[in-house]
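Since the structure comes first, as C-alpha cells, the remarks are kept for the end.
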Amino acid sequence: MEKERVLEVQDLELHYFTRKGVVKAVDKLSFFLRKGETLGVVGESGCGKTTMGTALLNMPTPPGRIIGGRILLDGQDILKLSENEVRRRVRWETIAMVFQGAMNCLTPVYTIEKQMRETLQQHRTMEKAEAKERMKNYLNLVGLSDDVLRRYPHELSGGMKQRVVIATALFLEPKVIICDEPTTALDVVVQAQIINLLKDLKEQVGVSFIFITHDLSIEAEVSDRILVMYAGRIAEMGTNAQIYGPQGPAHPYTQRLLGATPRLHEEVEELAFIPGTPPDLIAPPEGCRFHPRCPVLLERCAQDDVPLREIEPDHMVACWRCFDE
Amino acid sequence: MSEPILVAENLTKWFPVKRSLTQVVRHERTWVRAVDGVSFSVEKGEIFGLVGESGCGKTTTGKLVMKLLDITDGTLKLQGEDVTHIKGAALAQHRRHVQMIFQDPYASMNPRFTIEEVLMEPLEIHNVGKDRAERDVWVREILEEVKLSPPDEFLVRHPHMLSGGQRQRAATARTLMLNPSLIVADEPVSMIDLSTRAEILSMMKQLQREMGLTYIYITHDLSTARYFTDRLAVMYLGKIIEMGPAGTIIDKALHPYTMALIGAVCEPVSGKVNQIKDVPIKGEIPAATNIPTGCRFHPRCLYSVAECWQEEEPTLDDIGGGHRVACRRYKEIERLGNAARTSEASLGLRRTA
C-alpha cells in the first residue's frame, strides 16, 4: 500500500514582482511528499528551488508573492490560513526549514541554550528544567554533547553549528523538514557526517525531508525520490533508481546535468557540460523551457508547451521526446 | 624530465596569535602553524593540485607562491632563481610571472571597471605593450581565447553584467594578459554552477594545452581535481601527507586521511540511499595553534598505534612511481584494508548463495 502523503502541492505559483517585470520563479509546481521519505530537489542556481522552499512555509521573500495553488499539509491548505495561524500552528510546528548557510543563522551574542529556548518558548509553555531536558535530548540525537548548551556559536565548528540548527528544526517534532543546501559550506568529511545524520534521523524519528541542492551526487546518496527543476518548473521527477539507475534519466536536461557531475573513480578525458545559460524568468522561452539548450529537440519543442506526464509509475517527465505519440 | 618551474622546499608560514598578558610577561608566543614545512616542485606545462579541507593551509601555500605573504622559513625558487626574500622591483617581476585566479571573481574585480579596464590594468601597471592600440589588440585576442566573443560586446560591460561563468572567464583572461609562467588557481569553480563548472575547467585545460601553461590548482573538491590535475598533493594541518599522480592518489590512496577524504565524496550512482556512508575518520580537525605531536593525523586516525604519537613525525617517502606518502603504517593499513575488503566480498557471496 502506498504510504500516506504528508505534503501535497498543487499548481503552486510564486512570482517576484520586480521593477524589471514579473519573475515567474515557481510556475505551476505540483508534487507530493510521502511520510518518512526524502524528496530531493535539484537544479541550477536561479531555477527556483530555494523560492519553492520558502513558499512551502508560506513565507515568500518580498517582492515575491504566492499567487496561486494549494499546499496541503496533513490535508489542510496552509495558504488559506491567516499569518497568525501559520505562525502558531504550521511554521516549525509541522514544517521546519534548515536554511542555506544555516550556521550563520545563530545569533553570535546568545548561548546555544538561549537561542534554542527562544524557539521553544514561542511554541510551548514549559518549565525551564523540562525545556532543558528536551534540548539535551535533541542535541544528543544529532550527536552533540550537553555542554554545547553553554557555548556561544563562535566556539563551535561549522559542522557542530549545522547540527545545532538541525536539532532546533527537529525539536518541535515537525512532520516535514526542508533542508536548503545544508552541506554546501562544509568540508567533505563533515558533509558526509551530516548526510549520515540526516539518514539516521529519517529512520529514528520518521520525519520526511525535502533536500534542496544543486549537486546531483549528494541527492544520489540521500534522496528516495528526486525532483529536477528547470526554470521554475519540474523537468523530471523519479525514484532514485529511475534517475541514477543503469537506464539513466529520461529528460535530456537531467541527462546532461548528470553528465556534468564528475565521478571520482572514472578516468575521463573531457567533462561534459551544458552550453548556454538558464533562461531569464521574466520572459521564459516559448514551448519547452529547455529547448534553446537542448541537443535533441524536435520541431514542436519550440512551439508547444510541454506537460508533465507519468511515463512509468512514480516517474514523471516533461519532454516531448519521452511521450509515445 | 623537464626543468621544474617552481621548487618549494620546507615552505613555512606561521602567523602570530595575539598574546595574553601572562604570555607577554613570560615572553611566550603562540603561533598558528598554517603552513608547516611543505616541499614540492611543479614542472613546466603541468597542472599540480593541492587538495585538503578548509584550514589545511592550501590557500596560504598559494599565497606564499604568489609572494602575497612573507615566507617564515624555507625556500622558494621560480625558474631556478631564489625568490624567497625578494623585494621591490624583483617582487614586482615575480608577481608578473605568477598570476592568480581567485575563488570569487566578483570580489576580485573592481565593480566600477569595465571588462576592458579590468584587462588593461595589468598591462598598464607593468608597462607592457608600446601603445594603447597594441594593448587593445591583445585584449581582444585574449577574450577570444577564453571564448568571450564577440569581444566588442564584452569589453564595455561591467562585472555585474556577466554571469558567474563569464566572470570567471574574464578573470582567467586577466591572468593571461601578462603571459605568466605559472598560474595559481584558488578554488576557481567552487562558486560556479555544476553545469558550467565543467565548461570553465575544460576551457582552462584547453588553454593549458595550447599555450603550455602551468597551473597550481587549489581545491577541496577531489572529483574535479582528478579530472583537472596531473599530480595531486593532499594537505592536512599545514603539511603534505600524500602526493603523486592524480589517478593513483584517488584510486590507490595509502594515507588513512586521503582514504577518509575519498570515502566522504558523494557519487551519482543508485543504491546508496539506504546505506550509512563509511567515513574512516574520527573527531574534528584540531586547531593549527596546537598541532599534535608525532604524526599530526594520529588523533583522528583509526589505525594509529603508540609509535605514531611517540616517535617523530613520518616523512613524505617515495614508494615508487612518484607516489609519496607520510605514514608509518601504510603497508599494514593496506593489508588490513585488503583483508577487510576480502571478508566483505565473501560475505556478499554468502548472502547471494
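Of everything in segment A:120-159 that is under 23 Å from A:L186 (Cα atoms) and in a loop (DSSP other than H, G, I, E, B), the residue that is nearest to the chain's Cα centre (by Cα) is A:V142.
Taking the condition away from chain A (no Cβ under 11 Å), more than 14 Å from the chain's Cα centre (by Cα), β-branched (V, I, T) and at negative phi, does B:T248 pass? For B:T248, the condition - away from chain A (no Cβ under 11 Å), more than 14 Å from the chain's Cα centre (by Cα), β-branched (V, I, T) and at negative phi - is met.
When the residues of segment B:263-304 are filtered to those that are within 13 Å of another protein chain (Cβ to nearest Cβ) and outside any loop (DSSP other than H, G, I, E, B), the one that is surrounded by the fewest Cβ atoms within 10 Å (Cβ to Cβ) is B:G263. Residue check: is A:T168 more than 14 Å from every other protein chain (Cβ to nearest Cβ), hydroxyl-bearing (S, T, Y), within 19 Å of A:G53 (Cα to Cα) and surrounded by 21 or more Cβ atoms within 10 Å (Cβ to Cβ)? The answer is yes for A:T168.
Only one of the listed residues (A:L227, A:L298) is more than 13 Å from chain B (Cβ to nearest Cβ) and at pLDDT 90 or above. That residue is A:L227.
Just one of the numbered conditions (1) in a loop (DSSP other than H, G, I, E, B); (2) facing chain B (nearest Cβ under 7 Å); (3) within 24 Å of A:I311 (Cβ to Cβ); (4) not hydroxyl-bearing (S, T, Y) is not true of A:P249: (2).
Against the condition more than 19 Å from A:K49 (Cα to Cα), in a helix (DSSP H, G or I), more than 10 Å from chain B (Cβ to nearest Cβ) and out of contact with any helix residue (DSSP H, G or I) (no Cβ under 6 Å at 6 or more places or on another chain), how does A:Q191 come out, does it pass? Give the steps one after another, and end with the answer.
Working: more than 19 Å from A:K49 (Cα to Cα): yes; in a helix (DSSP H, G or I): yes; more than 10 Å from chain B (Cβ to nearest Cβ): no; out of contact with any helix residue (DSSP H, G or I) (no Cβ under 6 Å at 6 or more places or on another chain): yes.
No; evaluated as a whole, the condition is false for this residue.
Selection of segment B:289-339 for residues being more than 18 Å from B:F40 (Cα to Cα) and basic (K, R) yields B:R296, B:R300, B:R328, B:R329, B:K331, B:R335. When A:G40, A:G75, A:G46, A:G69 are checked against the criterion of being within 14 Å of chain B (Cβ to nearest Cβ) and either aliphatic (A, V, I, L, M) or on the phi > 0 side of the Ramachandran plot (or both), A:G46 stands alone in meeting it. Screening segment B:42-129 for helices (runs of 4 or more DSSP H) wholly inside it with 3 or more residues that are among the hydroxyl-bearing types (S, T, Y), closer than 26 Å to B:G322 by Cβ and within 15 Å of the chain's Cα centre (by Cα) returns the ranges B:58-66. Looking at this structure, is B:T175 β-branched (V, I, T), away from chain A (no Cβ under 12 Å) and over 17 Å from B:K58 (Cα atoms)? When the stated conditions are applied, B:T175 passes them.
Counting only strands (runs of 3 or more DSSP E) that sit completely within segment A:1-119, those holding 3 or more residues that are surrounded by fewer than 21 Cβ atoms within 10 Å (Cβ to Cβ) and at pLDDT 90 or above correspond to A:5-18, A:21-34, A:64-73. Look at segment A:140-154: where a residue is surrounded by 15 or more Cβ atoms within 10 Å (Cβ to Cβ) and a partner is not hydroxyl-bearing (S, T, Y) and not in a helix (DSSP H, G or I), sitting 6+ places away or on another chain with Cβ atoms under 6 Å, you get A:P153/A:L106; A:P153/A:P108. Determine whether B:M204 is within 27 Å of B:D251 (Cα to Cα) and in a helix (DSSP H, G or I). Taking the combined requirement at face value, the residue satisfies it. Only one of the numbered conditions (1) over 17 Å from the mean Cα position of the chain (by Cα); (2) farther than 21 Å from A:A283 by Cβ is violated by A:A96, and that is (1).
The values are calculated or read from the model by the stated rules, or taken from the named source; none is laboratory data. It should be emphasised that the depicted structure is a prediction, and the values quoted were computed from it without experimental measurement. Positions of Cβ are generated from backbone atoms using ideal geometry, with glycine treated the same way; all protein chains shown enter the neighbour counts.
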